[in-house]
1. Highest first, please rank the peptides 58-71, 37-50 by the mean number of other Cβ atoms sitting within 10 Å of their residues.
2. If packing is taken as the mean number of other Cβ atoms within 10 Å per residue, what is the order of 6-16, 21-31, highest first?
3. For the chain, which whole-number percentage of the solvent-accessible area (1.4 Å probe, protein heavy atoms only) is attributable to carbon and sulfur atoms?
4. Give, as ranges by residue number, the residues of region 5-45 whose backbone N falls under 12 Å from the point 7 Å along Cα→Cβ of GLN63.
5. From the list [x] 3, 14, 24, 25, 18, 11, 5, 1, 0; [y] 3, 16, 27, 22, 13, 7, 5, 4, 2, 1, 0; [z] 3, 14, 16, 13, 10, 8, 9, 10, 8, 5, 3, 1, 0, 0, can you say which value of P(r) over Cα pairs in 5 Å bins from 0, in percent was derived from the structure given?
6. Counting heavy atoms of the protein chains only and a 1.4 Å probe, report the per residue accessible area for the chain as a whole number of Å².
7. Any idea how far apart VAL17 and GLU79 come out in nm if each label point goes 7 Å out from Cα toward Cβ?
8. Using helices alone, what [θ] at 222 nm do you get for the chain, with -39,500 (n - 2.57) per DSSP H run of 4 or more residues, divided over all residues and rounded to the nearest 500?
Amino acid sequence: RDFQTTPESQTIVDDLVLASEIRAKMGLDRSISDDRIEVEASDGIVTITANARSLADADRVRQLARQVPGVKNIESKIETR
């Protein structure tokens, strides 16, 4: 029997892809220390949890996430050290 995609399973896959694309974008930006950044997505709502070095780093993380297609909103749980 073949796997049948449901709307729910497609949403889960889309969220995983979205979070992965954001992580990849952050990984390519050498100005961001991404070792403590967690990215989760749920129906296009992205939650970023991090401990940034500065407000500028926190702003850069949010800016990069906004550039990824499919991001509807960002919930930021970014603290600065």
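1. Order by mean packing, descending: 37-50, 58-71.
2. Highest-to-lowest ranking by the protection proxy: 21-31, 6-16.
3. Answer for the chain is 48 percent, counting heavy atoms of protein chains only.
4. Residues 31-32 qualify, since their backbone N sits under 12 Å from the label point.
5. [y]
6. So the chain comes to 70 Å² accessible per residue, rounded to a whole number.
7. Modelled inter-label distance: 3.5 nm.
8. It comes out at -14000 deg cm²/dmol, rounded to the nearest 500.
The values are calculated or read from the model by the stated rules, or taken from the named source; none is laboratory data. The structure displayed is predicted, hence computed values, not measured ones. Every residue, glycine among them, receives a Cβ derived from its backbone with ideal geometry; neighbour counts consider all protein chains shown. The area values use the complete protein model at the heavy-atom level, side chains included, leaving out ligands, DNA and RNA. Shrake-Rupley method; radii C 1.70, N 1.55, O 1.52, S 1.80 Å.
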